[in-house]
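Shown next, in structure tokens, is the structure this report addresses.
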Amino acid sequence: MAGMSGKAVGMAGGIIGLAAMAAWLGLAHSCDPPAGEGVIAGRVTIAQNLADQVKPTDVLFVIVKRPQGPPRPIAAKRIEHPTFPVSFEITNADVMVQGSELRGMVDVIARLDRDGQAGPAQPGDIEGRYAKNPTLSGGRDLEIVLDSVH
């Protein structure tokens with residue numbers, strides 16, 4: 001960077017910072033979306049010490065949220081009578097707000113829900129999170145372990 005003025009270095013840093021922020025918020029995109037964007041897929045397992053707590057009436061929810069956004073999910077997949085391990089695929093068809101898309105940085109959470117009702121976790125629900133949250137949408141090999149009882 002010899003010969004660059006402090007002002008030029010500052011501008012370059014600002015541009016890089018803005019690009020990083022846009023990517024983080026899912027705002028940066030080209031005319032053609034990257035392959036796989038709009039899909040999040042993987043597998044949910046349950047910790048061995050909790051496996052005997054699974055009931056036939058339980059419902060598995062795989063939930064996608066913005067890392068620093070509102071608590072309302074972007075998308076969710078409901079899986080009734082899960083038998084572990086459970087494979088899942090969430091696409092733009094699963095978004096909860098019309099006009100939303102699976103893009104940018106997201107958190108992916110799985111919840112084994114006792115009452116089968118969508119909403120915040122209740123006592124007895126078992127939850128797990130993707131270890132690499134937040135992650136870019138488009139991931140297809142996410143592994144989530146249900147390991148935390150509410």
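Using 1/(1 + (r/R0)^6) with R0 = 25 angstrom and r between the beta carbons of Q98 and V39, what's the FRET efficiency to the nearest 0.05? My answer for the efficiency is 0.85. Where both bridge residues fall in segment 39-149, DSSP classifies roughly 85% of the beta bridges as antiparallel.
Annotation: aspartates and glutamates with alpha-carbon distance below 12 angstrom to K55 (same-chain offsets under eight excluded): E80, D113, D115, D125.
With the simple model of a label 7 Å out from the Cα in the direction of the Cβ, D52 to E143 spans 2.5 nm.
Can you give the charge dipole size of segment 39-149 about its Cα centre, rounded to the nearest 20 debye, using +1 on the beta carbon of Lys and Arg and -1 on the beta carbon of Asp and Glu?
Details: 13 positive and 14 negative charges, 67 e Å.
Charge dipole, segment 39-149, about its Cα centre: 320 debye, nearest 20.
Within a straight-line Cα-Cα reach of under 20 Å, K132 can be paired with the following aspartates and glutamates, leaving aside sequence neighbours fewer than 8 residues apart in one chain: E37, E89, D107, D141, E143, D147.
Within segment 98-126, whose backbone N sits under 20 Å from a point 7 Å along Cα→Cβ of R72? Answer for segment 98-126: 98-109, 117-121.
Give the shape of segment 39-149 as rounded, prolate or oblate, defined through the alpha-carbon gyration tensor: a ≥ b ≥ c are the square roots of its eigenvalues, a/c under 1.5 means rounded, and otherwise the shape is prolate if a/b is larger than b/c and oblate if not. Note, shape of segment 39-149 comes out prolate.
FYI, it's all coordinate maths here, none of it is from the lab. Small disclaimer: the values here were computed from a predicted structure and weren't measured. For neighbour counting, all protein chains shown are included, and Cβ atoms are generated from backbone atoms with ideal geometry for every residue, glycine included.
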